[in-house]
Each structure stands twice: as C-alpha cells, then as structure tokens.
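The values are calculated or read from the model by the stated rules, or taken from the named source; none is laboratory data. Remember, it's a predicted structure, so these values are computed and weren't measured experimentally. Cβ atoms come from the backbone with ideal geometry, glycine included; neighbour counts cover every protein chain shown. These accessible areas exclude ligands, DNA and RNA; they are computed on the full protein's heavy atoms, side chains included. Shrake-Rupley method; radii C 1.70, N 1.55, O 1.52, S 1.80 Å.
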Amino acid sequence: MKEELLSKDCIQIADSVTDWQAAIKLAAQPMLNKGYIEERYIDAMIETVNTLGAYIVIAPNIAMPHARSESGALKNGFAVLKLKTPVYFDESQDSRAVLILPISCVDNAAHMKMLQALAAVLGDPELAEKVVGSNEIDEIYNIFANVELEDE
C-alpha cells in the first residue's frame, strides 16, 4: 500500500475513550495535523453518525468514520486508532468497535481506491483479526503496508 495513504504517525493505540465522538476526534487528529483534513471534516464525521446512525461499524469491532469530500477532505488517506476497550456507537452490541479507521477521500476515484486498500486487509479474516488484536503500531503498520494494490 502506498505510504501516502497511511504513515506510522497516523496510527495510535489507546486504552479507552469517553465516547464515540471522542474516538472519532482522537482517531482523526493525526490526519488533521498532517493536513489531510480540515477541522470541519471531523465535525462532519460526527454529524454523519448523529444523522445516519452506527452504519460506520462495518464489521465486528471495526468502524470507518468518514464524511463527504466537500466537508473538508484535502488529501487521500486514513488513520488507525486501536482501542483496548471498545467504544459503542449506539446502544447495541453490534455497534462496538476497537479499531477506528477514519478515511479522507478527495473524489470518487480516490474513495474506491481507499476502499480497495482497506478491503484487502479487513476482508481477509486472518489479517483483520491480527489488526484488531494488535497493540503494536509497527505491527499494524506492517499489515497495511504489505498489501499489494492493483496498480502498484
């Protein structure tokens, strides 16, 4: 996977957060710091969950917050927040996540490429389990970095 989509400094490990809004804010902070998104993009990700619900929980223990590109996406990329204690995006058990993956895509083509990259890891049960179970930044980075995409 290309370095510009994920760098080690966009991966964080934390014990817990107070709520799902804090999880999104913490997870997205490295993207804000690197100029991938504007502050309003974080607000838009939170508003999307408030409006549409916990649909961002895409698999057991995995959430992928995002917003529309015009809400402040500046560059393509994603970040990783690995929590040791799950956060819940609503009251149901199905809404829990320990892996928060905010994504930023500047257009539809970038969005498809990002989903391809993430699906290569998260769609492989063995790799997904390794990421969800890891508490090591280097290990998480290496799992994503070793994914081969079609045009690489």
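Key figures
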item	result
Number of the exception - Ile143 against (1) open to solvent by 10 Å² or more (accessible area, probe 1.4 Å); (2) part of a loop (DSSP other than H, G, I, E, B)	(2)
Residue within the stretch 83-92 that is open to solvent by 20 Å² or more (accessible area, probe 1.4 Å), over 16 Å from Ile11 (Cβ atoms), modelled with pLDDT of 90 or more and among the acidic types (Asp, Glu) present	yes
So Glu38, is it touching a Leu at 6+ places or on another chain (Cβ under 7 Å) and either surrounded by 16 or more Cβ atoms within 10 Å (Cβ to Cβ) or of a type in the set (D, E, K, R) (or both)	yes
Residue, farthest from the chain's Cα centre (by Cα), within the stretch 123-140, restricted to residues that are in contact (Cβ under 8 Å) with a residue 24 or more places away in the chain, assigned to a helix (DSSP H, G or I) and under 22 Å from Gln29 (Cβ atoms)	Asp138
So Asn108, is it polar (S, T, N, Q), touching a Cys at 6+ places or on another chain (Cβ under 7 Å) and open to solvent by 40 Å² or more (accessible area, probe 1.4 Å)	no
Pairs with Cβ under 6 Å, 6+ apart, first in the stretch 59-72 and farther than 19 Å from Gly123 by Cα, second charged (D, E, K, R) and open to solvent by 10 Å² or more (accessible area, probe 1.4 Å)	Gly72/Glu38; Gly72/Arg40
